[in-house]
1. What number of residues in the range 168-190 are at pLDDT below 85 and loosely packed, with under 14 Cβ neighbours inside 10 Å?
2. Considering every residue within the range 92-100, establish whether at least one is under 30 Å from Leu191 (Cβ atoms), hydrophobic (A, V, I, L, M, F, W, C) and in a helix (DSSP H, G or I).
3. Would you call Arg155 surrounded by 12 or more Cβ atoms within 10 Å (Cβ to Cβ) and more than 27 Å from Val108 (Cα to Cα)?
4. Scan (1) touching a residue at least 40 places away in the same chain (Cβ under 8 Å); (2) under 39 Å from the mean Cα position of the chain (by Cα); (3) more than 30 Å from Pro72 (Cα to Cα) for the single condition Val131 breaks and write down its number.
5. Among the residues of the range 191-210, is there at least one that is in a loop (DSSP other than H, G, I, E, B) and either outside the structural domain of Pro122 (by TED's automatic domain parsing) or modelled with pLDDT under 90 (or both)?
6. Take the range 30-45 and flag every residue that is in contact with a Lys or Arg (Cβ under 8 Å, 6 or more places away or on another chain), aliphatic (A, V, I, L, M) and over 14 Å from Leu93 (Cβ atoms).
7. Tell me which residues, restricted to the range 57-72, are in contact with an Asp or Glu (Cβ under 7 Å, 6 or more places away or on another chain) and not aromatic (Phe, Trp, Tyr).
8. Could you please let me know if Thr68 is farther than 30 Å from Gly210 by Cβ and exposed (fewer than 13 other Cβ atoms within 10 Å of the Cβ)?
Amino acid sequence: MRTYANKWCYWYIGVQVCMLLNSSASAQAAGKLRFIVDPGGNYSFVLDHQFRMQQREVELSAGPHHFTFWAPERRMVDTTIMVVEGRTKDIVLYLPYSDAFRAYDREVHEMKKRNLLTSALPTLAIVGTGVLAGVSFGKYKSAHDQLQADEEAYRTGSDPQAIAQLKDVLIPGHKTDLSDKRGVFYVTAGLFAAVAVGSTWMILRNAKRGAPKFNDTERVKFDGLVWMPSERGGYFMTGMHINLR
């Protein structure tokens with residue numbers, strides 16, 4: 001009877017030792033994960049809700065592990081990946097742009113269009129009307145100088161035929177030309193002044209709006225995944241789940 005009891009005891013101990021060895025071997029079994037993530041190497045992840053890392057390859061114990069990936073301007077991706085013993089698994093993952101970044105990108109696009117309409121085009125209008133006013137002033141000055149030269153020639157001339165030509169043809173014609181050129185110059189100068197005032201007002205008004213600012217709300221959430229005690233408490237874990245097993 002005692003011999004049977006001893007055999008039973010030895011058998012029970014042997015089973016326990018085998019179970020312990022199997023458990024220890026399972027605990028030591030590991031596999032690797034190699035990450036191929038868009039956008040490249042500019043990403044981070046939180047492993048099993050505890051460890052924040054930034055690397056392309058990890059070696060973990062076999063079994064399921066939880067990951068939360070994030071990159072600047074991107075949305076968090078929350079997923080569970082199965083690690084296989086003795087194997088290296090490539091994980092291909094795309095992190096979509098966050099809603100906050102998409103809204104910011106739209107604001108930047110709208111700002112560029114607004115700058116084109118309220119800054120670039122008004123500046124071109126100022127330059128264009130300024131050139132036009134400058135050209136018309138040059139023609140007005142040439143007509144003025146020509147009339148003065150005719151009048152001087154009329155006063156100092158000694159040839160009766162030339163004096164008659166100046167008095168009856170050249171001087172009246174150049175007076176008319178001067179009047180036309182003066183009118184064109186006044187119009188273009190007034191247009192330039194109006195465009196300059198209006199465009200300057202538009203440019204200054206647009207400059208006061210300032211550039212849009214990007215508030216990366218996904219980063220705030222990601223930073224709060226690893227619990228950091230503070231007066232305000234922690235952050236709730238949120239994300240998008242993708243099954244990559």
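1. Going through the range 168-190 one residue at a time, the tally reaches 2.
2. First, the residues of the range 92-100 that are under 30 Å from Leu191 (Cβ atoms): none.
No, every residue in the range 92-100 fails to be under 30 Å from Leu191 (Cβ atoms), hydrophobic (A, V, I, L, M, F, W, C) and in a helix (DSSP H, G or I).
3. no
4. All conditions pass for Val131, except number (1).
5. So in the range 191-210, the residues in a loop (DSSP other than H, G, I, E, B) come out as 210.
Within this subset, residues satisfying the condition of being either outside the structural domain of Pro122 (by TED's automatic domain parsing) or modelled with pLDDT under 90 (or both) are 210.
Yes, there is a match, as at least one residue in the range 191-210 is in a loop (DSSP other than H, G, I, E, B) and either outside the structural domain of Pro122 (by TED's automatic domain parsing) or modelled with pLDDT under 90 (or both).
6. none
7. So in the range 57-72, the residues in contact with an Asp or Glu (Cβ under 7 Å, 6 or more places away or on another chain) come out as 62, 65-66, 68, 70, 72.
Across the range 57-72, the qualifying residues are Ala62, His65, His66, Thr68, Pro72.
8. no
The values are calculated or read from the model by the stated rules, or taken from the named source; none is laboratory data. As the structure is a prediction and not an experimental result, all values here were calculated from the model. Using ideal geometry, Cβ is built from the backbone for each residue, glycine included, and neighbour counts are taken over all protein chains shown.
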